[in-house]
Structure formats: structure tokens, C-alpha cells
1. Taking residue 115 as meeting all but one of (1) modelled with pLDDT of 95 or more; (2) on the phi < 0 side of the Ramachandran plot, write down the number of the exception.
2. Any idea which of 204, 149 is assigned to a loop (DSSP other than H, G, I, E, B) and without any contact (Cβ under 8 Å) to a residue 24 or more places away in the chain?
3. Sort out which residues of the stretch 54-77 are surrounded by 19 or more Cβ atoms within 10 Å (Cβ to Cβ) and either without any contact (Cβ under 8 Å) to a residue 12 or more places away in the chain or part of a helix (DSSP H, G or I) (or both), and write them in order of number.
4. Please work out if residue 273 is modelled with pLDDT of 95 or more, farther than 26 Å from residue 130 by Cα and either touching a strand residue (DSSP E or B) at 6+ places or on another chain (Cβ under 7 Å) or surrounded by 20 or more Cβ atoms within 10 Å (Cβ to Cβ) (or both).
5. Just one of 402, 385 is touching a residue at least 60 places away in the same chain (Cβ under 8 Å) and surrounded by fewer than 22 Cβ atoms within 10 Å (Cβ to Cβ); which is it?
6. Could you list, in sequence order, the residues of the stretch 469-503 that are more than 19 Å from residue 391 (Cα to Cα) and modelled with pLDDT under 95?
7. Taking residue 272 and the conditions (1) under 28 Å from residue 137 (Cα atoms); (2) more than 16 Å from the chain's Cα centre (by Cα); (3) in a helix (DSSP H, G or I), which numbered condition does it fall short on, given that it satisfies the others?
């Protein structure tokens, strides 16, 4: 019964979360019950339309050939001929030298730039890798647009790619049973092939550069249209603006460790999804994932002695500003463990310095977890949710079954309790089923970091009071009034992974509802 319910409920959740909030109209091939157009139990249809969202956002010179949307055509073909020159202003002169380093720069304000954020010196030193055919351009066709925009933004793109891949990895059976295996694999190849294309390696397989953004948010927003109509030099009289698509690269000169780690995570998941059916392709994805992760570690830079602040984040023009890169690094590391079974990747996340002991006997964290948990005397609670800027939810979902440490199971479960539960008093007056009114008590914070527990033991833990996220009258968790469905969908995916790992359906029915 558990297996059957998991398959049924997970089918509606496997795509994780859209790049941003969007509505998708039914397509001719959709599994639609015409007599019951609002068939909320048709998870197969929900999954299919969720996948179609990514077809609607495909970018490149092969869009017309994919067949999922007959009205889509090729677009932004000029992305295949981006001039390999330092970014130039159409008004004359170079863009702000700091643009591309995460502080906004001149291009965010003006938007009318062509070329790349790389310096001429860097281009000259690495031209054999960046421009092997010597045409003076880089080919960056492909990828996904961002929702209703036409910019290819790095973090929401790599997050969505890794999350769709994660759902397929966990619940492959559901895609097979609903006839959507080919569709999801087409999506995963499309976006991960783009990540491969956007990654430039040297002769030793090390990353020279990775392109994480094509286009400029402010410039793109000056003219809303179908992507097929946004051709190079599209001119908008009302805004006196020509549409241009500069490219932003992560290099040692202009680091973007959050962006490269996000791409590494997606490629690592893609390796797992294709290793048995297309091993050569899968191995290429893993090779690039490893190279991108190593480059992320190399370029990650903390400001002075402050381990809470980094200055190696990518540029976004103010549209998808990253809080930090520790979560993307952890997201990539946990998936690389699943790919290689090398526990060093887990240590990269959870390591502590036991040679240093605080007043209460706590040891400081030295792994990526240090960004959210200071030392072993504390136990942070992930009250947000798996999303483009905060992938800790996914990290703990995959970390807990590996470590079987109370801390990791506690954080994984607590977040789901927070999202789905209510206090006893509120639950008594609710018009919907409330999964939990108490939190499982895993023990004292300073004991969780090295206490072992298995998933089967969680059900026998005592309970304690705690906080809950606000709910709508119908039980919809409200973390934000913008794009709120994506957060609930992501929480639902985490809930189904929890059910799969523990055989505990406490949160599965909530995810279905």
C-alpha cells in the first residue's frame, strides 16, 4: 500500500518547482478528462503539464524539432555567436570592470552591452579553450529561459534542472508508468547538455570558464514578447531600447562559485539518471560535475576571517541575488557522494574541528554547514524550503540517509513538520486534516551532531511543542505571497522523499492535499 501511494502521490510532485510562477495551458497530447476539467486527482496530467513548462521555456536553434509544443520555434539563435570580447557599451567604452562580480555593475543599470564579462587578458590567455574554431565567438545556444522572461539565469536554471533530475532519480517508476520517461529524459538532456556546452575545460580537464547567464534582466524586461520574436537588435520605441544578450562567465578572474556548484549538482544527478542506459554520456556528465565542483571549491572565497560572508558569487543584475554559496556547494557534494561513494564529499559538508572546544564543549563546524550551524552546541532549523536560493532542504533530505545522524534526520523532518502541521488548538478548529501537532524530540542540540539514529527509530521518539508556518483557511502553507505554489510543491517533493526513505506516510497525504 505504501508503495502504491508513493507512486500515485509522487507523480504530481516529481518536477519539483518551476523556475518561477507560471501557468501552462493544456496541450493536445495532455491526459485531460474533458468531463472533469478540474480533476485534482489526475497526477499524471499534473506531471505532464509541469514538464511542458520547460518545453515552453526552451531556448536555442533546435526548439522547433522537439515536438512537445507545435507553436514553439527556434529563438535566440544569435546566442551561438556571442562576441568573445570584453563587455562593450553600445554608447561607447567598456562596461564597469566590476560587473560580473556580483555587485551589479554598470550593465545592470544600463543593460545595453554586448560581449562577455571577461577581460581581454583572460580571453587572450585562454582563447584556445574558449574559441577553438577561431571565429571570435562563443556558442551558447540552448538552455532554458526564466519563466516569462528570456534571460538564461544561472541559479534558477541549475536549481530547476537538479530538482527535476532529483524527482526522476527518486521516483523513476512513476515516469515509466505514466508514459513520461522519454519526456523527462528529453528535458534533462536538453538542460544538462547546455551546462556541458557552457563549461570550457583545459587540456587537463580543469574548468577554465563556465557561462552562467546570457542576457540582461533590465534590458530584457523592456520588451515582453514571444521568444521567437526577440531577435538581435529588436528595437522598442517606447523604451528607446535595443535587445542585447551579453554573457557572464565564472572564471578565476570573475568567480561565481554558487553558479558553478549549482551546475555541478545538476550534472551529478544526471549521471545517476543515465549511467545504466547511456553510460558514455553519463560519464561525461560526471567528469564535468567533478571539474565544476573542484572549480567551485577553488574559487569560493570568504571575506577575511568571516566565514559567513563570501565575495565569490555570480552576477544577476538584481534578479536572483544569491545569499551565499555554501548550500550549492553542499548540494553538489552530497550528489557527488551518491555518484562516487567517496565519503570525503560528505565530510566537506559536516566536518568539525574537534581540536577546538568551546566553553560548553562544542566544536566549531568547518564544513559547509558552518554557514548555518556555528558549532556542535547548536542545531539549526531549516524553516525555509528547498528553493533556488536555499537548497539546504534537498541537502538534508539526501544527507540524512547517508549519515544516519540525529541532527540530519531532525532537520529533514522538522522542516516537514513546520510546513504541514499546526498547534493542537488550531488543528482542532481546522477544516482540513493536519498531519502533526507536535515535533519529534530528537534530544539536546549538543548531542545531535554525533548521535546515531535510523529512520525506523524516529517513530518512537517523544514529542514536543514547536513553531508552525502560517496556513490559509484550506491548509495551504504560506511562506511568500509571490510564487507560493512553487514552495509548497518543493516541500511536497521533500515529503515524498521522506516517505520513501522512512516508510512513514505522515507527510505523504499532506503532500497530496
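The values are calculated or read from the model by the stated rules, or taken from the named source; none is laboratory data. Everything numeric here is computed off the predicted structure, so don't read it as measured data. Methodologically, a virtual Cβ is constructed for each residue, glycine included, from the backbone with ideal geometry; neighbour enumeration extends over all protein chains shown.
1. Result: residue 115 passes all but (2).
2. Details: 149 fails: without any contact (Cβ under 8 Å) to a residue 24 or more places away in the chain.
Within the list 204, 149, the selection yields 204.
3. If the condition is that a residue be surrounded by 19 or more Cβ atoms within 10 Å (Cβ to Cβ) and either without any contact (Cβ under 8 Å) to a residue 12 or more places away in the chain or part of a helix (DSSP H, G or I) (or both), then 54, 55, 56, 63 are the ones that fit.
4. Values: modelled with pLDDT of 95 or more: yes; farther than 26 Å from residue 130 by Cα: yes; either touching a strand residue (DSSP E or B) at 6+ places or on another chain (Cβ under 7 Å) or surrounded by 20 or more Cβ atoms within 10 Å (Cβ to Cβ) (or both): yes.
Here the answer is yes, as residue 273 does meet what is asked.
5. Details: 385 fails: surrounded by fewer than 22 Cβ atoms within 10 Å (Cβ to Cβ).
None of the other options fit; the residue is 402.
6. If the condition is that a residue be more than 19 Å from residue 391 (Cα to Cα) and modelled with pLDDT under 95, then 470, 471, 472, 473, 474, 475, 476, 481 are the ones that fit.
7. (1)
A quick yes/no check of all residues on (1) assigned to a loop (DSSP other than H, G, I, E, B); (2) assigned by TED's automatic domain parsing to the domain that holds residue 159; (3) free of Cβ contacts under 8 Å to residues at least 12 places away in the same chain; (4) closer than 21 Å to residue 169 by Cα:
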site: 223; (1), (2), (3), (4): yes, yes, no, no
site: 260; (1), (2), (3), (4): no, yes, no, no
site: 285; (1), (2), (3), (4): no, yes, no, yes
site: 290; (1), (2), (3), (4): no, yes, no, yes
site: 293; (1), (2), (3), (4): no, yes, no, yes
